[in-house]
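The values are calculated or read from the model by the stated rules, or taken from the named source; none is laboratory data. Keep in mind it's a predicted model, so treat the numbers as computed, not measured. Ideal geometry is used to build each Cβ from the backbone, glycine not excepted, and the neighbour counts take in all protein chains shown. Just the protein is used for accessible areas: all its heavy atoms, side chains included, with ligands, DNA and RNA removed. Shrake-Rupley method; radii C 1.70, N 1.55, O 1.52, S 1.80 Å.
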Amino acid sequence: MKNIVVLVSGGGTNLQALIDAQNQGIIKSGKITCVISSNPGAYALERAKNNNIDTAVIRRKDYSEFSEYDKALAQLLVSKNADLVVLAGFMTILGHQVISQFENKMINIHPALIPSFCGEGYYGLKVHEEALKKGVKISGATTHFVTEECDGGPIIMQRAIDIKNDDTPQTLQRRIMENIEWKILPLSVELFCSDKIKVVENKTIISE
């Protein structure tokens, strides 16, 4: 049983999807043991407490140097015995110490089909605004391992939906969250926890 630590900053809808999946037995080879927030007021912390999950807060502004914060977060994750780190709306940049400590052990979800509409500056509604502006006919979400290249790590899962003529960034964001993000993130976590993902030359091989 692997220890899953989830990093959050806001409301925690993806965290809730993970908690629900755990309660439903979709995630069965791992357990969410801690939720760490960059924001002490994040509602995600309440979701964790409501499910008797340990919590911690680490704020970037409490450290004068980024390297100090990076080191402190890496140490915190190690102290929580994290086997897998999941980014669920974590809005603070991660540095070399954290990423290297958890190479191929840190999963993020991005609300587009990487390599489209990804990289620096592409987050939240901005992703969906750009997709609609470009006139693409499908969009979706991608789970991937975190590397020092923003949204550039090995892809784990992708799913797509059709874009509707009357879609707005808000309606597209909601449909992708409900129909894709909340499904493939827990599935990707279970694949990792059941040792079914192997990374070879920046690509994942998923065993049945």
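Summed over the range 12-32, residues that are β-branched (V, I, T) and within 13 Å of E181 (Cβ to Cβ) total 1.
Of the residues making up the range 1-20, those that are over 21 Å from Q173 (Cα atoms), surrounded by 18 or more Cβ atoms within 10 Å (Cβ to Cβ) and in contact with a Ser or Thr (Cβ under 8 Å, 6 or more places away or on another chain) number 3.
Applying the condition of being of a type in the set (D, E, K, R) and out of contact with any Leu (no Cβ under 8 Å at 6 or more places or on another chain) to the range 69-98 and asking which residue is most open to solvent (accessible area, probe 1.4 Å) yields K71.
For the range 21-47, which positions are closer than 23 Å to D62 by Cα and open to solvent by less than 30 Å² (accessible area, probe 1.4 Å)? Scanning the range 21-47 gives C34, V35, I36, S37, S38, A42, A44, L45. Only residues that are within 17 Å of the chain's Cα centre (by Cα) and surrounded by fewer than 17 Cβ atoms within 10 Å (Cβ to Cβ): list them for the range 184-208, please. Matches in the range 184-208: L187 only. Only one of the numbered conditions (1) at pLDDT 95 or above; (2) over 21 Å from I27 (Cα atoms); (3) in a loop (DSSP other than H, G, I, E, B) is not met by L76, and that is (3). The residues of the range 164-176 that are open to solvent by 30 Å² or more (accessible area, probe 1.4 Å) and in contact with a strand residue (DSSP E or B) (Cβ under 8 Å, 6 or more places away or on another chain) amount to a single one, R175.
All conditions in (1) without any contact (Cβ under 8 Å) to a residue 60 or more places away in the chain; (2) touching a strand residue (DSSP E or B) at 6+ places or on another chain (Cβ under 6 Å); (3) β-branched (V, I, T) hold for I109, with the sole exception of (1). Suppose the filter is of a type outside the set (F, W, Y) and either closer than 30 Å to T171 by Cα or more than 15 Å from the chain's Cα centre (by Cα) (or both); does I109 pass it? Spelling it out, I109 is indeed of a type outside the set (F, W, Y) and either closer than 30 Å to T171 by Cα or more than 15 Å from the chain's Cα centre (by Cα) (or both). Among the residues making up the range 124-144, a single one is surrounded by fewer than 16 Cβ atoms within 10 Å (Cβ to Cβ) and closer than 25 Å to D70 by Cα: G124.
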